[in-house]
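Visitor: What follows is a single structure, and I will ask about it in a moment.
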Amino acid sequence: MNLIPFAGAIISCLLAISHWIESKEKSLDTKKNQFLKGHHHPTLVQSENRFLYRYAPSFLFFSLTILQFHIYAEFTNQIPLFSVLYGIHISCLLLIGPLSYIFFEDMSGGGFKKIRWYHFLPSLFSFIYLFVVGSKLFSWSHVDSLVHDPTYVDHTSIVLFLGLGVLSIFGYTLTIMIRIFRWKFDLNGTIDSSFLPFFYFMGYSLLVVTLFVTAQLFFMEIFFVACAGLTFLLAYVLLLKINHKEFIPNFQKETRLARYQESRIKGVDTALVLQQLEELMSSEKLYLNEDLSLAILAKRLGINTHQLSEILNSKLGCTFRNLINGYRLQESARLLLEQPQMTILSVIYASGFNSKSSFHKLFQNQFGLSPQKYRSKLD
């Protein structure tokens, strides 16, 4: 059983190395493309940001490697042999949340600006406290029995750091899940095929974290179950990577599309736009203009055509043409019933349509009746 965390550490290490090699190859390709395009001198800040952003998956799996080696050392009572590294697992635990979010941003086509440097302060502070302050406290101690005791740092602070690490993972995971839910339901089901697999993956990850916390606080007997769950997940990811298969099919493609759609309407008060749209259609009956176009309507609403198109798609679930035809069909139905003296042809043009054949087809699809039969309902 003690080999479970050791196996997990080996798998995490392999994944870290694999991602590092991939990131290195992508970096070389990027530099080559920049050279060919004449961009030879990226700024220092950009280089640092790109480095952390590009190698985030490697740092993430490397942190998991250290965590699992620490668990293995605890199970086999080998912690005293690595007293210099005692507590490093806490700093790594506090890195998992921010690094996971960067990994998510990378997969979904985001940018480094989405996560700031201060997200890494808890990990840095824990490192300073445990290895700088803690070392000084150790050197000031006159108790000989502490010389070989790696647990000289106050146990309460260790528990607090561990709790902060777990809360951090929960917080970042919850943030990612909220983002995915919003893309799923606010952007017209953009991530349909990858939503459930991703949801199951995040749920499984949270379950593993919960098992670790429960074991630490209440039942150490289930600690091996938590380790086995994490090792199984990492092994599955590694097998898929070896076989060049996606862990969550279509996730990268669909989330990048969702992010692109979200960016097109970012900064636009969609509720106000929809309200103005309804006013234009109900009061001015703008749809009666047979020359009405997406550009004309967007100009009246004070936004560009891409933003209007995206709002219609994501909020109303229709295209511009479907929206206008819907209003025109409702107008034609009203005229057919309220103006029996008007001919069908007059109703067509009075409703904003300029094609008799397309009107009949649309009307039949909308109401399930021909205009003549629909009018006969009045009788």
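The values are calculated or read from the model by the stated rules, or taken from the named source; none is laboratory data. A quick note: this is a predicted structure, and the numbers were derived from the prediction, not measured. Please note: Cβ atoms are built from the backbone with ideal geometry, for glycine as well, and neighbour counts cover all protein chains shown. Side chains are part of the model used for accessible areas, which takes the heavy atoms of the whole protein and leaves out ligands, DNA and RNA. Shrake-Rupley method; radii C 1.70, N 1.55, O 1.52, S 1.80 Å.
Visitor: Check off (1) under 26 Å from the mean Cα position of the chain (by Cα); (2) at pLDDT 90 or above for Asn313 and give me the number that stays unchecked.
Guide: (2) is the only condition that Asn313 fails.
Visitor: Still on this structure, please answer the following. Tell me the residue from Thr190, Thr255, Thr175 that is within 30 Å of His306 (Cβ to Cβ), under 13 Å from the mean Cα position of the chain (by Cα), hydroxyl-bearing (Ser, Thr, Tyr) and open to solvent by 30 Å² or more (accessible area, probe 1.4 Å), please.
Guide: Every option except Thr175 fails the conditions.
Visitor: Looking at region 340-357, can you tell me whether even one residue there is within 22 Å of Glu262 (Cα to Cα), assigned to a helix (DSSP H, G or I) and at pLDDT 90 or above? So that I can check it myself, show each step before the final result.
Guide: We begin by selecting, within region 340-357, every residue within 22 Å of Glu262 (Cα to Cα); these are none.
No, region 340-357 has no match at all.
Visitor: A further question on this structure: Quick one: Leu238 ticks every box in (1) surrounded by fewer than 17 Cβ atoms within 10 Å (Cβ to Cβ); (2) part of a helix (DSSP H, G or I); (3) not basic (Lys, Arg) except a single one, so which number is it?
Guide: (1)
Visitor: Determine which member of the set Leu362, Leu308 is in a helix (DSSP H, G or I) and under 31 Å from the mean Cα position of the chain (by Cα).
Guide: Only one candidate qualifies: Leu308.
Visitor: Please work out which one of (1) open to solvent by 40 Å² or more (accessible area, probe 1.4 Å); (2) touching a residue at least 12 places away in the same chain (Cβ under 8 Å); (3) assigned to a helix (DSSP H, G or I) is the condition Pro249 fails and give its number.
Guide: In the conditions (1) open to solvent by 40 Å² or more (accessible area, probe 1.4 Å); (2) touching a residue at least 12 places away in the same chain (Cβ under 8 Å); (3) assigned to a helix (DSSP H, G or I), Pro249 misses (3) alone.
Visitor: Here are some residues: Arg321, Arg300, Arg328. Which one is at pLDDT 90 or above, exposed (fewer than 13 other Cβ atoms within 10 Å of the Cβ) and basic (Lys, Arg)?
Guide: Just one listed residue meets the conditions, Arg321.
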